[in-house]
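Chemist: Structure incoming, see below.
Computed from the coordinates by the stated procedures, all read-outs in this text should not be read as laboratory data. Predicted, not measured: the structure shown is a model, and the values here were computed from it. In this analysis, Cβ positions are derived from the backbone assuming ideal geometry, glycine residues included, and neighbour counts consider all displayed protein chains.
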Amino acid sequence: MSKWANADVENDLRVLVAEILEIKPDDITPDAHFVKDLGMDSMMALEILASVEKKYRITIPEEALPKFTDLKTTAGIVHGILNKK
């Protein structure tokens with residue numbers, strides 16, 4: 001049993017992404033596209049990646065990065081990595 005619930009991961013990521021993008025967490029829906037809908041650029045994406053890795057003490061494989069397109073998908077990837085720990 002994981003100590004991380006998927007909903008908790010999604011909520012944590014919502015707050016983290018909102019902080020980096022300088023928007024309100026409520027503005028981030030699970031399916032909002034980070035680049036197209038929320039205006040994320042590559043530097044913000046790297047900042048989010050580094051913050052997620054630091055927060056959860058995980059390493060996100062490079063091949064997973066292109067899949068970080070929205071909150072729901074990102075939370076699923078992070079949750080999967082956490083469950084393997």
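Chemist: Going through the cross-link list Lys24/Lys55; Lys54/Lys84; Lys36/Lys85; Lys54/Lys85, which pairs have a Cα-Cα distance over 26 Å in this structure? All intermediate terms of the calculation are to be shown ahead of the outcome.
Modeler: Numbers: Lys24/Lys55 20 Å; Lys54/Lys84 17 Å; Lys36/Lys85 32 Å; Lys54/Lys85 15 Å.
In this structure, Lys36/Lys85 lie more than 26 Å apart at Cα.
Chemist: So, with +1 on the Cβ of K and R and -1 on the Cβ of D and E, and no other charges, what is the size of the charge dipole of the chain about its Cα centre, to the nearest 20 debye? Can you show the working numbers first?
Modeler: Details: 11 positive and 15 negative charges, 98 e Å.
Around 480 debye, computed over the chain.
Chemist: Fewest to most neighbouring Cβ within 10 Å: what's the order for Val35, Val17?
Modeler: Ordered from fewest to most neighbouring Cβ atoms within 10 Å, Val35, Val17 come out as Val35, Val17.
Chemist: Another question, if that's okay. Give the long-range amide H neighbours of Asp70: residues separated by 5 or more places, or on another chain, with amide H under 5 Å away, using H modelled in the peptide plane at 1.01 Å from N.
Modeler: HN-HN under 5 Å from Asp70: Phe34.
Chemist: Any idea what the relative contact order of the chain is, in percent, if you count C-alpha pairs under 8 Å spaced at least 6 apart?
Modeler: On the way: 71 pairs, mean separation 34.8, N = 85.
Dividing the mean separation by the residue count of the chain yields 41 percent.
Chemist: So how do Glu53, Glu22 line up by other beta-carbon neighbours within 10 Å, fewest first?
Modeler: Numbers: Glu53 14, Glu22 8.
Going from least to most buried by this count: Glu22, Glu53.
Chemist: Working from the pairwise distances between different alpha carbons, so that the mean of 1/r is found and then inverted, what is the chain's Kirkwood radius in Å?
Modeler: On the way: mean 1/r = 0.0783 Å⁻¹.
Hydrodynamic radius (Kirkwood, Cα pairs) of the chain is 12.8 Å.
Chemist: While we're here: Given labels modelled 7 Å from the Cα in the Cβ direction, how far is it in nm from Ala7 to Asp41?
Modeler: 3.7 nm
Chemist: Given the rule -39500 (n - 2.57) for each run of at least 4 DSSP H residues, summed and divided by the residues of the chain, what is its mean residue ellipticity at 222 nm, to the nearest 500 deg cm²/dmol? Write down the numbers at each step before the final one.
Modeler: Values: 3 runs with 45 residues, N = 85.
Counting only the DSSP helices, I get -17500 deg cm²/dmol.
Chemist: Where does each of Asp41, Asp70, Asp26 land when they are ranked from fewest to most other beta-carbon atoms within 10 angstrom?
Modeler: Exposure proxy ranking, most exposed first: Asp26, Asp41, Asp70.
Chemist: On a full-extension model of 0.36 nm per residue, what is the gain between Ala32 and Glu19, subtracting their alpha-carbon distance, rounded to one decimal in nm?
Modeler: Working: separation 13, 0.36 × 13 = 4.68 nm, distance 1.57 nm.
So the extension gain works out to 3.1 nm.
Chemist: Report the one residue of Gly80, Thr69, Leu49 whose Cα lies farthest in the direction of the positive end of the charge dipole of the chain (charges on C-beta: Lys and Arg +1, Asp and Glu -1; origin at the Cα centre).
Modeler: Positive-end residue among those listed: Gly80.
Chemist: A follow-up question, please. Give me a comma-separated list of calculated 3J(HN,Hα) values for the range 9-18, in order, Karplus coefficients 6.51, -1.76, 1.60 applied at θ = phi - 60°, integers in Hz, x for any Gly or Pro.
Modeler: 4, 4, 5, 4, 5, 4, 5, 5, 5, 4
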